[in-house]
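Single-structure report; data block below.
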Amino acid sequence: MNRDKSSGQPASTSGIVRHPISRFRVTLLALLTLILATPAVVFSQNDALPDMGTASDNILSPQEEEQLGRQVVEQLHRQGVIVQDPLIAAYITDIGRQLAAYSGTNQGPFFFFVTRDQSINAFALPGGYVGVNAGLFLTSTNESELAGVLAHEIAHVTQRHIARRIEATRTANIATTAAVLAAILASSGDAQVTEAAISAGMAATTENAIRFTLQNEYEADRIGIRTLEEAGYNPSGMASFFKRLQQYNRLYESADSGFLRTHPVTSDRISEAQNRAANYGSSFEESSDAYLITKARLRVLTTRELTPVIAHFDEERQTTTGAQWQAATYGQALALKARGNNAAALPLLIALVEQAPTVPAYRLALAESQLSSREITESLDTYEKSLKLFPINYPLTLSYARALLDTGNAQKARDQLLQLPSDQPGHADRLRLLAQAAEALGQQADSQYYLAEYYLLQGQRSLAIEQLQISLTRADINEIQKARAQSRLNTLIDKPAPP
């Protein structure tokens, strides 16, 4: 994930050496940041995967990559950056895993997520973590474009570009840094000479970064396009998104496209992607119903001002038909409900469920809207009928359990949640709801155990340890609960907690 970092102005000083050295320290930080953002790869013209060699393993092992990526994602969780909606999480995970299955490597598990960021960007982290900003998702016009971006980022992961760029740039940038330092020391405090040396060093590093980045991007394009086709998506989706994004950025110079900054797009690169895609077939479905539904839901959940969102969906309802019209109606109902207008949302959702009774998302929205309107009997009936059609559906079951807790049926909520597997998107919500159900049932030790597991998934290790330690001091904890909590605690701290 490449991000520009800028420093503030240096504090005024009276010494002639302290000022340039302070500037050098700030710039050195920028240089080191650029080093980590500089990819390196030998570009191959054929479709064979390049030989990874062992150099990158000497710098960053796969285990270290996973740990690094996980720590970044934990930070994003703590900052509330990641969209924690089970339906959205399930969709991006499904499409991501489908692509990863055709990535042509033995890469370990992938983890996909959507952020609330409205800028147009996507990024790959070491260890199989791939993020897509809401702004990019909403800018895509069809599923193949979104899949194209994901396939490109998956290729960054499978080719281990971060570890390889560290190895490739280590020696070159040490030499650059040494040259800059020598120039600063030789300047005897002359600020202009210092600035010139820093600029020259940055220019050289930037030139290498751009050259390597383009090679890196070509490789990710080549592998990603093949992955798209093999996974059943239109391989032209990647090139069409790049081309439209480039044109958009030219029309609106202030457009916030972090993607173009971190993924430089040239006309030659677009042409090559188009030519590669043309070598494959042309019989592809551009978008699934799930794409349209998830995009509409994401627009509502990540946009602060709902009035233009409602207007957007109203216009789409007047200009589209079929699945697109249904998704627009769904989005408009969600926006109306979010603004507190359930009276207007309910008729839209009832009509949707009648027209498309096999779409779980529409049934889920109807049940939640009924519950918000205090139509409790109708809401629970909608949940139960829906789960008969779609048993063990994660978003539906989580929402149903939440409704059961709200209406005083904690035991049934717990039973529903325990049926769900623990390896699906939304597992964090499941743990939090299990903790609430256990607390409502007076099972405090269980509640604290589930809450500890929830905190761990959110990257809040200290809070998880605290919950386990508190549970072990409870007078009403039984031997099974105690053994479970103690065992989990032992895995989180260096020394076992006292009995």
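Odds and ends about this structure:
- Entirely in the stretch 374-439, the helices (runs of 4 or more DSSP H) that have 3 or more residues that are among the charged types (D, E, K, R) and surrounded by fewer than 20 Cβ atoms within 10 Å (Cβ to Cβ): 376-389
- Among the candidates 340, 322, residue that is under 30 Å from residue 435 (Cβ atoms) and out of contact with any helix residue (DSSP H, G or I) (no Cβ under 6 Å at 6 or more places or on another chain): 340
- Within the stretch 440-454, tally of residues that are of a type in the set (Phe, Trp, Tyr) and either under 19 Å from the mean Cα position of the chain (by Cα) or not in a helix (DSSP H, G or I) (or both): 1
- Positions within the stretch 422-448 being within 17 Å of residue 85 (Cα to Cα) and either in contact (Cβ under 8 Å) with a residue 24 or more places away in the chain or β-branched (Val, Ile, Thr) (or both), in sequence order: 424, 425, 426, 427, 428, 429, 430, 431, 433
- Residues (polar (S, T, N, Q) and surrounded by 12 or more Cβ atoms within 10 Å (Cβ to Cβ)) located in the stretch 293-321: 294, 302, 303, 320
- The selection criterion, being over 21 Å from residue 224 (Cβ atoms), at pLDDT 85 or above and either open to solvent by less than 20 Å² (accessible area, probe 1.4 Å) or out of contact with any Lys or Arg (no Cβ under 6 Å at 6 or more places or on another chain) (or both), does not hold for residue 94.
- When residue 347 is tested against (1) farther than 25 Å from residue 337 by Cβ; (2) free of Cβ contacts under 8 Å to residues at least 60 places away in the same chain; (3) open to solvent by 10 Å² or more (accessible area, probe 1.4 Å), only condition (1) is not met.
- Some residue of the stretch 471-483 being outside any helix (DSSP H, G or I) and open to solvent by less than 60 Å² (accessible area, probe 1.4 Å): yes
- Within the stretch 60-85, being in a helix (DSSP H, G or I), out of contact with any strand residue (DSSP E or B) (no Cβ under 6 Å at 6 or more places or on another chain) and open to solvent by 20 Å² or more (accessible area, probe 1.4 Å) holds for 62, 63, 64, 66, 67, 68, 70, 71, 74, 75, 77, 78.
The values are calculated or read from the model by the stated rules, or taken from the named source; none is laboratory data. Note that the coordinates shown come from a computational prediction; the quantities given were computed from them, not determined experimentally. Here Cβ is always computed from backbone atoms with ideal geometry, including for glycine, and neighbour counts include all displayed protein chains. The accessibility values were calculated without ligands, DNA or RNA, using every heavy atom of the protein model including side chains. Shrake-Rupley method; radii C 1.70, N 1.55, O 1.52, S 1.80 Å.
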